[in-house]
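The values are calculated or read from the model by the stated rules, or taken from the named source; none is laboratory data. All values derive from a computational prediction rather than experimental measurement. Virtual Cβ from ideal backbone geometry, glycine too; neighbours counted across all protein chains shown.
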Number of protein chains: 2
Amino acid sequence: MITPQTINYEDKPLSGLRVVDFSRVLAGPYCSMCLGDMGADVVKIERIDGGDDTRRFGPPFLEGISTYFMSLNRNKRSIALDLKNPKSHEVVQRLLKSADIVLENFRPGTMEKLGFDRESCWSVNPRLIYCSISAFGHRGDPEWSRKPGYDLILQGMGGIPSITGEPDGAPSKVGASIADVVSGMNAFSGILLALLARSKTDRGQHVDISMQEGQLSLHTYLASAWLNAGVEPPRNGNRHLSIAPYSTYEAADGWLNIAIANEKLWGIFCKALGTEDWLSDARFSGNAERVANIDALDQLINARLAHHNVAHWIGVLQDAGIPAGPVFSIRQALEHPQVNARNTIVAGSMRQGPAFKTVDSAFGIRTRTPRSDVSAPALGEHTLEILRECAFAEDEIKSLLQDAAAQTT
Amino acid sequence: MITPQTINYEDKPLSGLRVVDFSRVLAGPYCSMCLGDMGADVVKIERIDGGDDTRRFGPPFLEGISTYFMSLNRNKRSIALDLKNPKSHEVVQRLLKSADIVLENFRPGTMEKLGFDRESCWSVNPRLIYCSISAFGHRGDPEWSRKPGYDLILQGMGGIPSITGEPDGAPSKVGASIADVVSGMNAFSGILLALLARSKTDRGQHVDISMQEGQLSLHTYLASAWLNAGVEPPRNGNRHLSIAPYSTYEAADGWLNIAIANEKLWGIFCKALGTEDWLSDARFSGNAERVANIDALDQLINARLAHHNVAHWIGVLQDAGIPAGPVFSIRQALEHPQVNARNTIVAGSMRQGPAFKTVDSAFGIRTRTPRSDVSAPALGEHTLEILRECAFAEDEIKSLLQDAAAQTT
């Protein structure tokens with residue numbers, strides 16, 4: 001009997017599908033990287049004069065290649081085209097005929113100017129799933145739809161910085177580009193949903209991703225508190241509004257997080273710290289009291305933690321069953337033993353370029369592939385191969401390549 | 001001809017699929033809410049003694065119902081069961097036979113104890129997609145796999161707080177529960193991928209979501225800088241490491257974000273601010289110089305911005321074509337005109353309970369439904385209806401309901 005355990009997962013879920021990827025920089029390329037990881041043939045359309053801007057983002061570079069570019073473009077093929085040349089149009093048209101998905105993250109209006117808006121694409125192939133990522137979405141108020149966006153600007157308009165950081169300081173943006181990455185994640189889900197829908201309707205549809213909506217979707221209960229009870233969450237540092245102690249504390253050599261969510265844990269916590277006298281302190285007799293006297297409590301906890309380093313305290317607290325953990329740097333986070341045990345970091349390479357490492361996508365399905373499968377393209381690396389797949393004659397190909405070379409010189 | 005524009009999108013992409021949802025609190029329910037939004041029949045299995053813990057999370061409450069619970073449980077049906085009662089096992093077994101997806105976010109080991117680990121579920125129905133969400137994933141080092149996780153702890157171990165907040169202050173957690181929500185988003189994508197794979201293999205698989213991996217997947221170029229060039233990103237407040245001015249600034253009545261990414265914008269910016277003298281200041285003559293003298297520059301910008309309020313400056317800067325935007329509170333973010341124009345906020349209701357509002361999922365596909373379709377269940381609201389669907393006889397149902405009533409008293 002074939003059981004779920006005996007399936008060959010190397011036949012990836014999206015193998016057999018083709019993506020025509022006009023996207024650049026972060027949100028779009030993140031989405032198409034996920035599509036490529038899962039088996040789709042991603043054809044990255046790049047400008048002949050330099051390609052994706054992120055090829056020049058840096059430092060840092062590794063052997064002259066942008067580490068930024070590497071992190072977002074594994075498992076893709078690159079074709080370099082001058083989209084303003086009518087001959088290039090014929091190339092894209094042939095690609096669209098054989099494709100399943102179009103992805104773009106231009107400002108609304110740009111794809112129309114290039115001649116590849118969704119109506120034009122559907123006239124070539126009505127089964128195409130056409131995914132757009134933009135700051136405020138294509139649908140809605142046309143004036144807002146046309147506005148550009150940047151991760152920093154969309155984070156600010158989404159509301160997360162207003163509740164991140166110290167109450168008496170400035171609002172803090174999130175250090176990672178979450179407005180971009182979350183949009184890429186939503187685009188990926190939207191495309192998968194449209195593929196499932198297409199299996200019933202045999203028709204594509206427009207997946208219209210708004211970076212702004214992506215930020216709002218992260219709020220869950222915080223949005224509900226305002227929408228349904230008129231309660232607006234304040235910026236509260238790392239403290240919890242209604243649980244204490246539940247925050248970030250300082251040991252002798254750094255920071256750690258501690259989460260004491262009930263009275264039983266509070267008792268164990270005081271014992272583990274060797275501060276049983278707090279148990280008889282009226283200021284801390286229950287959670288409500290501890291929340292009310294949080295300044296005094298936090299001061300006492302930090303004073304006690306200052307006697308030892310982070311590793312000591314995390315050992316003591318975890319052994320006692322207290323939810324506690326370190327505040328890792330990016331390096332420490334990537335070097336954690338479980339990251340190694342799960343092969344979360346995947347190795348890749350570039351043609352005539354360096355070997356590199358990236359973080360695998362986190363969808364939890366078994367499609368991890370050997371190293372040779374995870375490469376990132378040089379600009380135009382696959383132009384010739386793709387033109388041949390599109391059944392251009394050799395003399396047409398020669399002419400197309402000459403035009404391209406003329407443009408770059 | 002049927003074109004993508006004429007498809008009836010009310011036939012949702014996941015209609016006809018059933019989810020047996022053991023999950024509670026945030027990450028799991030976020031995923032199953034998305035499944036329900038997209039048309040799946042989500043059967044939420046709840047403890048008869050109180051159900052999902054989040055039914056009691058608050059304040060705030062609306063007419064006695066937790067606004068937290070509302071924000072994560074629309075488009076689901078609730079069946080209340082005592083899973084330790086053998087008769088309840090038969091109910092779940094029958095549900096599993098008719099289901100496509102099992103979702104759970106217990107600590108690894110718990111589903112085995114309940115008798116609904118993935119091997120047991122597949123012995124009933126090998127087409128089941130079995131999705132687990134846990135702190136460190138089921139695969140990997142067994143010792144780490146078994147450890148519990150909380151949003152705060154996983155944020156800290158994922159590395160984002162280390163690069164969020166002021167350089168001379170504490171690391172800042174992200175105000176929204178991104179470790180939980182991102183895990184729910186990854187679970188949703190993983191399930192959709194497994195559905196697409198099942199259409200080829202006719203078999204389910206284990207979708208093994210690690211909250212830790214979800215955090216690492218957000219780092220993209222920041223992880224690559226360390227992995228491929230040994231450069232570790234520091235905590236840098238809201239400033240950009242290599243572009244200036246690109247940060248959060250303070251006007252007379254609040255904050256705003258400004259992003260000046262090239263020399264042309266720098267010229268326009270100085271003109272818009274009425275500070276053309278900066279253009280001849282040697283400290284600011286190019287981007288590298290501005291990055292080197294960022295303290296002096298930020299001080300000057302803030303002093304100039306202090307003369308007017310946020311609305312004034314955003315008007316001036318946006319009119320000039322400068323990327324600039326406000327730092328919205330959660331309320332302001334939700335009340336933005338484009339949010340209204342796109343119907344991003346959806347209205348719902350509870351049986352004999354209040355009308356409520358939630359933020360729609362952000363997958364960009366057209367499945368917005370009338371208000372009546374967006375409800376959240378009372379505890380056990382659909383127990384009787386689901387038992388009948390499972391073809392239990394009326395006397396068996398009576399006995400099951402009596403057992404349940406006995407347990408709650």
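Remarks
- Of all residues in segment B:193-204 being on the phi < 0 side of the Ramachandran plot, more than 23 Å from the chain's Cα centre (by Cα) and not hydroxyl-bearing (Ser, Thr, Tyr), the one that is farthest from the other protein chains (Cβ to nearest Cβ): B:ARG198
- Looking only at segment A:208-231, and only at residues there that are within 7 Å of chain B (Cβ to nearest Cβ) and farther than 24 Å from A:ALA135 by Cβ, the one that is nearest to the chain's Cα centre (by Cα): A:TYR221
- Filtering segment A:171-183 for residues that are in the same structural domain as A:LEU72 (by TED's automatic domain parsing), of a type in the set (Ser, Thr, Tyr), surrounded by 24 or more Cβ atoms within 10 Å (Cβ to Cβ) and over 19 Å from B:GLY165 (Cβ atoms) leaves a non-empty set.
- Any hit, segment A:43-66, residues being assigned by TED's automatic domain parsing to the domain that holds A:ALA391, among the hydroxyl-bearing types (Ser, Thr, Tyr) and either in contact with a Gly (Cβ under 8 Å, 6 or more places away or on another chain) or closer than 25 Å to A:ALA179 by Cα (or both): yes
- One residue alone among A:ILE133, A:ILE101, A:ILE79, A:ILE45 is at the interface with chain B (Cβ under 10 Å from one of its Cβ atoms) and closer than 30 Å to A:PHE363 by Cα, and that residue is A:ILE133.
- Filter result (within 18 Å of B:MET157 (Cα to Cα), β-branched (Val, Ile, Thr) and free of Cβ contacts under 8 Å to residues at least 60 places away in the same chain) within segment B:184-227: B:THR220
- Lone unmet requirement of (1) within 21 Å of B:LYS173 (Cβ to Cβ); (2) in contact with a strand residue (DSSP E or B) (Cβ under 9 Å, 6 or more places away or on another chain); (3) of a type in the set (D, E, K, R) for A:ARG342: (1)
- Filtered residue count, segment B:250-260, keeping only those that are more than 8 Å from chain A (Cβ to nearest Cβ) and crowded, with 22+ Cβ neighbours inside 10 Å: 2
- Test set (1) in the same structural domain as B:VAL102 (by TED's automatic domain parsing); (2) among the hydroxyl-bearing types (Ser, Thr, Tyr); (3) more than 18 Å from B:MET38 (Cβ to Cβ) - B:SER224 fails condition number: (1)
- Within segment A:163-176, being more than 7 Å from chain B (Cβ to nearest Cβ) and either without any contact (Cβ under 8 Å) to a residue 40 or more places away in the chain or under 29 Å from A:SER361 (Cβ atoms) (or both) holds for one residue alone: A:ASP168.
- From A:ARG351, A:ARG290, A:ARG331, A:ARG342, residue being within 30 Å of B:ARG203 (Cβ to Cβ) and either surrounded by fewer than 15 Cβ atoms within 10 Å (Cβ to Cβ) or not β-branched (Val, Ile, Thr) (or both): A:ARG342
- Candidates B:ASP117, B:ASP82, filtered to the one that is touching a helix residue (DSSP H, G or I) at 6+ places or on another chain (Cβ under 7 Å), modelled with pLDDT of 95 or more and surrounded by fewer than 21 Cβ atoms within 10 Å (Cβ to Cβ): B:ASP117
- Whichever residue in segment A:48-76 is in a strand (DSSP E or B) and surrounded by fewer than 24 Cβ atoms within 10 Å (Cβ to Cβ) and, among such residues, is farthest from the other protein chains (Cβ to nearest Cβ): A:ILE65
- Selection within segment A:14-42 - at the interface with chain B (Cβ under 10 Å from one of its Cβ atoms) and over 20 Å from the mean Cα position of the chain (by Cα): A:SER15, A:GLY16, A:LEU17
- Qualifying residue in segment B:297-310 (condition: under 22 Å from A:GLN212 (Cα atoms), surrounded by 14 or more Cβ atoms within 10 Å (Cβ to Cβ), within 14 Å of chain A (Cβ to nearest Cβ) and not hydroxyl-bearing (Ser, Thr, Tyr)): yes
- Note on segment A:333-364: among residues that are facing another protein chain (nearest Cβ under 7 Å) and in contact (Cβ under 8 Å) with a residue 40 or more places away in the chain, the one that is farthest from A:LEU379 (Cα to Cα) is A:PHE363.
- Residue match in segment B:143-162 (condition: modelled with pLDDT of 95 or more, closer than 28 Å to B:PHE363 by Cβ and surrounded by fewer than 20 Cβ atoms within 10 Å (Cβ to Cβ)): no
- Checking each residue in segment A:120-138 for being within 17 Å of A:ASP21 (Cα to Cα) and part of a helix (DSSP H, G or I) picks out A:SER120, A:CYS121, A:TRP122, A:VAL124.
- Matching residues, segment B:63-108, being acidic (Asp, Glu) and within 17 Å of B:PHE188 (Cβ to Cβ): B:ASP100, B:GLU104
- Scanning segment B:120-142 for residues that are under 30 Å from B:LYS97 (Cβ atoms) and either surrounded by 23 or more Cβ atoms within 10 Å (Cβ to Cβ) or of a type in the set (Ser, Thr, Tyr) (or both) yields B:SER120, B:CYS121, B:SER123, B:LEU128, B:ILE129, B:TYR130, B:CYS131, B:SER132, B:ILE133, B:SER134, B:GLY137.
- The residue pairs whose first member lies in segment A:311-332 and is more than 11 Å from every other protein chain (Cβ to nearest Cβ), whose second member is among the β-branched types (Val, Ile, Thr), and whose beta carbons are closer than 6 Å, counting only pairs six or more residues apart or on different chains, are A:ALA320/A:ILE268.
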